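These notes are about the structure you will find just below.
Any read-out appearing in this document is the output of simple, stated calculations on the displayed coordinates, not a laboratory observation. Here the structure is a predicted model, which means the values were calculated and not measured. Cβ coordinates were reconstructed from backbone atoms using ideal geometry, including for glycine residues, and neighbour counts include every protein chain displayed.
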Amino acid sequence: MPDYETWSFHGKKETRVETEGEADDSAGVDRIDEMLKTLQPEFGLNSKDPPTKEVEEFFKLLQASEEPLHEHTKVSLLVFVTRLIAIKSKYFFSNNCFNDLMQLIGDVLPQPHKLPNDMYQCKRLTKALGMGYEKIDMCPDGCMLFCDDHVDKKKCLKCGKGRYVEVVNEDGDHVTTDVA
């Protein structure tokens, strides 16, 4: 089609670097132990000094990576929680939705199990992984991200739609609110 533009990466350049033998998420490959081994030098684990708070959190991660979720599985607590958090992020689950899902999973798992009760406990468990996130607004049509040079823009540069939605509040005033 003439004048048809394929739009990908929302105007950003792809920065992904493939590594040799990279595993596909759908293959169910667990590489947590490999990642934790890579992090060991960062925490100075060869030091003779008493462990810092970060080192203690790292050891909790090591324990969670070896500890099965319950006695009838080989899936570790850390792998299970990180995969659930990845699903939460991928499908935009709210924290309330995630907590309800955790409650349901906890109800059907055999007792005793080590599943955290909610998102807060999952975040505490994975804190040492440094898996933070940053919320970035996006055009309602997915044309562009409002980040980097465009963080202060109010309208999409591609389609012209507003970053925010205008609504009428209880007082009858027109106010803007986040799209998402």
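Where nothing but the Cβ of Lys and Arg (+1) and of Asp and Glu (-1) is charged, how large is the charge dipole of the stretch 134-180 around its Cα centre, in debye to the nearest 20?
Taking the Cα centre of the stretch 134-180 as origin, the dipole is about 320 debye.
Provide the FRET efficiency to the nearest 0.05 for the Asp107-Ala86 pair, computing r from the beta carbons and using R0 = 30 Å.
Working: r = 22 Å, r/R0 = 0.74.
Computed FRET efficiency for Asp107 and Ala86 comes out at 0.85.
Given Lys127/Lys153; Lys135/Lys158; Lys53/Lys90; Lys90/Lys153, which pairs have Cα atoms separated by over 29 Å? Don't jump to the answer; show the numbers that get you there.
On the way: Lys127/Lys153 32 Å; Lys135/Lys158 21 Å; Lys53/Lys90 31 Å; Lys90/Lys153 26 Å.
Long pairs (Cα-Cα over 29 Å): Lys127/Lys153; Lys53/Lys90.
What nm distance separates the two modelled labels at Ser94 and Thr176, each placed 7 Å from Cα along Cα→Cβ?
2.5 nm
Each label point is 7 Å from the Cα along the Cα-to-Cβ direction; what then is the distance between the points at Lys114 and Glu166, in nm?
5.5 nm
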